[in-house]
1. Please work out which one of (1) aromatic (Phe, Trp, Tyr); (2) free of Cβ contacts under 8 Å to residues at least 60 places away in the same chain; (3) in contact with a Ser or Thr (Cβ under 8 Å, 6 or more places away or on another chain) is the condition Phe36 fails and give its number.
2. Would you check which residues across the stretch 162-209 are out of contact with any Leu (no Cβ under 6 Å at 6 or more places or on another chain) and of a type in the set (Phe, Trp, Tyr) and list them?
3. Given the condition under 14 Å from the mean Cα position of the chain (by Cα), over 24 Å from Asn199 (Cβ atoms) and not charged (D, E, K, R), answer yes or no: does some residue in the stretch 70-85 qualify?
4. With the structure loaded, tell me whether Pro34 is under 19 Å from Cys207 (Cα atoms) and surrounded by 21 or more Cβ atoms within 10 Å (Cβ to Cβ) or whether it fails that test.
5. Out of curiosity, is Thr132 under 26 Å from Glu32 (Cα atoms) and either surrounded by 14 or more Cβ atoms within 10 Å (Cβ to Cβ) or out of contact with any Pro (no Cβ under 6 Å at 6 or more places or on another chain) (or both)?
6. Please work out which one of (1) open to solvent by 20 Å² or more (accessible area, probe 1.4 Å); (2) farther than 24 Å from Trp6 by Cβ; (3) of a type outside the set (D, E, K, R); (4) in a strand (DSSP E or B) is the condition Ser146 fails and give its number.
7. Can you name the residue in the stretch 168-180 that is in contact (Cβ under 8 Å) with a residue 24 or more places away in the chain and farther than 16 Å from Val104 by Cβ and, of all such residues, is most open to solvent (accessible area, probe 1.4 Å)?
8. Considering each of Ile67, Ile21 in turn, give the residue that is crowded, with 17+ Cβ neighbours inside 10 Å, of a type in the set (A, V, I, L, M, F, W, C) and at pLDDT below 95.
Amino acid sequence: KLAREWADWVESSSGNREEEIFPYIKSWLSREKPVFLAEIGCGQGSCSNLVDSSISYIGIEPSKFLIARAKELFPEANKRFVQGNAYNIPLEDNSVDACISVWVWSHLDNLNLASSEIFRILKNKGSFLLITAHPKTYEERKTFYSKYEIKGNLLIGNFDLDNGKYLTDTTLYLHTEKEIHDALLSAGFKIDKITGLSNDLYIVIECSK
């Protein structure tokens, strides 16, 4: 149900994705020039639309529904979509030049394992672009939910999409910025740049192996 709600929302709306996030990713790709790019948590493949035919793209996503939808929307020969998740990425060690993950980290409990998995699949000097909820906006983000409950560092609730639509029982792990940094550093990453997007609603971290 949540996957269908997500797909419906992404495919019928626009906003900071098109205005800020997608242009940032395109600029990053232009600088990094990867030959083989992996996306962790690709949803229905929207970010794959940012890569040209010179890049071999593979999207990893746990939802069978979203994988099937991605294959429908983006059937190009240089794009593949495979079921998997951030804790068990179905790729070989040292196999990709770059990796991106957008709006995923805030849904993960174990940041250390996810960071280690991405570090594992990256080639030496490979790059990782992480875009996730900025920890300093958690209080503001709580106002985006029609109802929610918090258990430990996990918020579970109905995210209000307006016009009577919701993302039902979606999760937001309230990780601190230090916890995010420490997970990346513990995996072996070098943090090259930290910035914000959409009035710092999102934190953007550029890393290298």
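1. For Phe36, the exception is condition (2).
2. Tyr166, Phe189, Tyr202 - these are the residues of the stretch 162-209 that are out of contact with any Leu (no Cβ under 6 Å at 6 or more places or on another chain) and of a type in the set (Phe, Trp, Tyr).
3. yes
4. Numbers: under 19 Å from Cys207 (Cα atoms): yes; surrounded by 21 or more Cβ atoms within 10 Å (Cβ to Cβ): yes.
Yes.
5. When the stated conditions are applied, Thr132 passes them.
6. (2)
7. Here the residue is Asp169.
8. Ile21
The values are calculated or read from the model by the stated rules, or taken from the named source; none is laboratory data. The shown structure was predicted, so the numbers you read here are calculated from the model rather than taken from an experiment. Glycine also receives a Cβ, built like all others from the backbone with ideal geometry; neighbour counts cover every protein chain displayed. For accessibility, only protein heavy atoms count, side chains too; no ligands or nucleic acids. Shrake-Rupley method; radii C 1.70, N 1.55, O 1.52, S 1.80 Å.
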